[in-house]
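Inspection log for the structure reproduced underneath, given as structure tokens.
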Amino acid sequence: DVSLVAVSPVHIDLMDYGASGVYVTPKNISDKYADIDVLVKLANDGSETAKADVVVEIFDADGNAVASETVCLEICANSKEDAKVSVPLDSPVLWNGVKNPYLYKATVKILCDSAEVDDYVKPFGIRTYYIDAREGFFLNGEYLDLRGACYHQDSYENGWAMTNAERERDFDIMREMGVNSVRMAHYQHDGYEYDLCDKLGITVWTEIG
């Protein structure tokens, strides 16, 4: 997809190597508690130092606001700053693969002089995982038998100019096959494919060739 984005002088950085400029990382995860660390990369293209409030609010899968935090910072003219926000969350529902692909949403709002100048919404799941050389893959402390497929980002109709509807069809077929894991081979894939995996509960082995 190609988009034309117009922003205020103070905004979430658009030059973050093709990424969104917003990174959500759950930490200290348990059934009772989690810290949701949010890194927001900001840019000030204006000619004066600006003060910005970075407001992060967490919503559950039903759209209810469950936690929020705000940090304030100054950004010098023609410079960039990182805003780091840690949001404590009680009793998190864990993303648990196809059993329960539960997703939260983090909304990030940038305020200057109490006026909203930019925003971003990032869905995310809360989970832990590790790989044991003998026992295999564990999700949230429980063994998970990975049954997967290798996926390239093209379709027989349109090649690399495939549509999201074609991607949805492919992942529906994979789910019918019993797939719970996918290898994205072996280059950068469209972000929508990762969104589909999050929603369907599919674990991802990703590569950047």
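The values are calculated or read from the model by the stated rules, or taken from the named source; none is laboratory data. This is a predicted model, so every value here is computed, not measured. Methodologically, a virtual Cβ is constructed for each residue, glycine included, from the backbone with ideal geometry; neighbour enumeration extends over all protein chains shown. What goes into the accessible areas is simple: the full protein's heavy atoms, side chains included, and nothing from ligands, DNA or RNA. Shrake-Rupley method; radii C 1.70, N 1.55, O 1.52, S 1.80 Å.
Structure above, values below:
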read-out: Long-range neighbours under 8 Å by Cβ, at least six apart or interchain, first residue on the phi > 0 side of the Ramachandran plot within the stretch 151-180, second open to solvent by 30 Å² or more (accessible area, probe 1.4 Å); value: Gly178/Arg147
read-out: Members of the stretch 84-101 that are of a type in the set (Gly, Ala, Ser) and assigned to a loop (DSSP other than H, G, I, E, B); value: Ser91
read-out: Tabulated pairs, the stretch 62-73, first within 19 Å of Ala34 (Cβ to Cβ), second polar (S, T, N, Q) and open to solvent by 50 Å² or more (accessible area, probe 1.4 Å), C-beta under 7 angstrom, 6+ apart or interchain; value: Glu69/Ser86
read-out: Given (1) modelled with pLDDT of 95 or more; (2) within 21 Å of the chain's Cα centre (by Cα); (3) over 30 Å from Asn28 (Cα atoms), index of the condition Asp170 fails; value: (2)
read-out: Which listed residue is out of contact with any Lys or Arg (no Cβ under 9 Å at 6 or more places or on another chain) and assigned to a loop (DSSP other than H, G, I, E, B), from Arg127, Arg169; value: Arg127
read-out: Residue, surrounded by the fewest Cβ atoms within 10 Å (Cβ to Cβ), within the stretch 151-164, restricted to residues that are touching a strand residue (DSSP E or B) at 6+ places or on another chain (Cβ under 9 Å) and either assigned to a loop (DSSP other than H, G, I, E, B) or of a type in the set (D, E, K, R) (or both); value: Ala161
read-out: Leading residue by the ranking (nearest to Val10 (Cα to Cα)) among those in the stretch 63-120 that are open to solvent by 40 Å² or more (accessible area, probe 1.4 Å) and among the small types (Gly, Ala, Ser); value: Ala115
read-out: Residue check for Gly141: at pLDDT 95 or above, over 19 Å from the mean Cα position of the chain (by Cα) and either open to solvent by less than 80 Å² (accessible area, probe 1.4 Å) or of a type in the set (Lys, Arg) (or both); value: yes
read-out: Test result for Tyr17, of a type in the set (Phe, Trp, Tyr), free of Cβ contacts under 8 Å to residues at least 60 places away in the same chain, farther than 30 Å from Tyr143 by Cβ and not in a strand (DSSP E or B); value: yes
read-out: So Arg167, is it of a type in the set (D, E, K, R), farther than 20 Å from Val22 by Cα and surrounded by 18 or more Cβ atoms within 10 Å (Cβ to Cβ); value: yes
read-out: Failed condition for Ala19, given (1) within 30 Å of His189 (Cα to Cα); (2) at pLDDT 95 or above; (3) small (Gly, Ala, Ser); value: (2)
read-out: Candidate set from the stretch 172-202 (those that are of a type in the set (Lys, Arg) and in a helix (DSSP H, G or I)); member that is least open to solvent (accessible area, probe 1.4 Å); value: Arg175
